[in-house]
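Undergrad: Take a look at the following structure, please.
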Amino acid sequence: MKALIQRVTRAAVSVEGEVVGEIGPGLLALIGVEREDATKQIEKMLHKLLNYRIFSDAGGKMNLGLAVSGGGLLLVSQFTLVADTAKGLRPGFSRGASPEHGERIFGQLVEAARTALPQVATGRFGADMQVALVNDGPVTFMLES
């Protein structure tokens, strides 16, 4: 599982012009599910999403995780994150999960996040989504589990 995370002041995801998920300050996480992902990867990724220290403490240092900072979490499925881009000019998706497996794993990640945080929003799995955000910093990291 891979996640491209961005610290945001706000973020929203829309489908066909309708906002389906939005947050204020917090973390936008674009999530890519791989073929072999299972409960272990979900647990590891959730731990990183909640605790990766990218929010400022009272001294202005990136020293706090999302769970401590109190921000929202916007989870958006994005299968293109698992693409193999090492060779050629066309991405390969052999490492990506099937749509059924990807939706199941992504759904389990969302459920687990909702038990841990009060504000969790999502996009719509498999939909053509438009994501709008204001990256705070900018602060962006790639996480893997």
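Undergrad: Pop out the Kirkwood hydrodynamic radius of the chain from its pairwise C-alpha distances, inverse of mean 1/r, in Å to one decimal.
TA: Final number for the Kirkwood radius of the chain is 15.4 Å.
Undergrad: For the stretch 85-145, run through the trypsin sites (Lys or Arg not before Pro) and keep only the ones in DSSP coil with at most 10 other Cβ atoms within 10 Å of their Cβ.
TA: Hits after loop and neighbour filter: 87.
Undergrad: With a sphere of radius 15 Å drawn around the Cβ of residue 74, what net charge do the other residues whose Cβ falls strictly inside it have (Lys, Arg +1; Asp, Glu -1)?
TA: Local charge sum for residue 74: +2.
Undergrad: Using alpha-carbon pairs under 8 Å, 6+ residues apart, how would you state the relative contact order of the chain in percent?
TA: 39
Undergrad: Let me ask something else. Run down the lysines and flag those whose C-alpha is under 24 Å from the C-alpha of residue 48, throwing out any fewer than 8 positions away in its chain.
TA: Partners found: 2, 40, 61.
Undergrad: On to the next question. Please figure out what share of the DSSP beta bridges in the chain is antiparallel and state it in percent, rounded to the nearest 5.
TA: Beta bridges within the chain, antiparallel portion: roughly 75 percent.
Undergrad: Dipole magnitude of the chain about its Cα centre, charges +1 at Lys/Arg Cβ and -1 at Asp/Glu Cβ only, in debye to the nearest 20?
TA: With Lys and Arg at +1 and Asp and Glu at -1, about 420 debye.
Where a number appears in this text, it was derived from the coordinates with a stated rule and is not lab data. Predicted model, so just to flag it, every value in this text is computed and none were measured. As a convention, Cβ positions derive from the backbone with ideal geometry for all residues, glycine included, and neighbour counts pool all protein chains shown.
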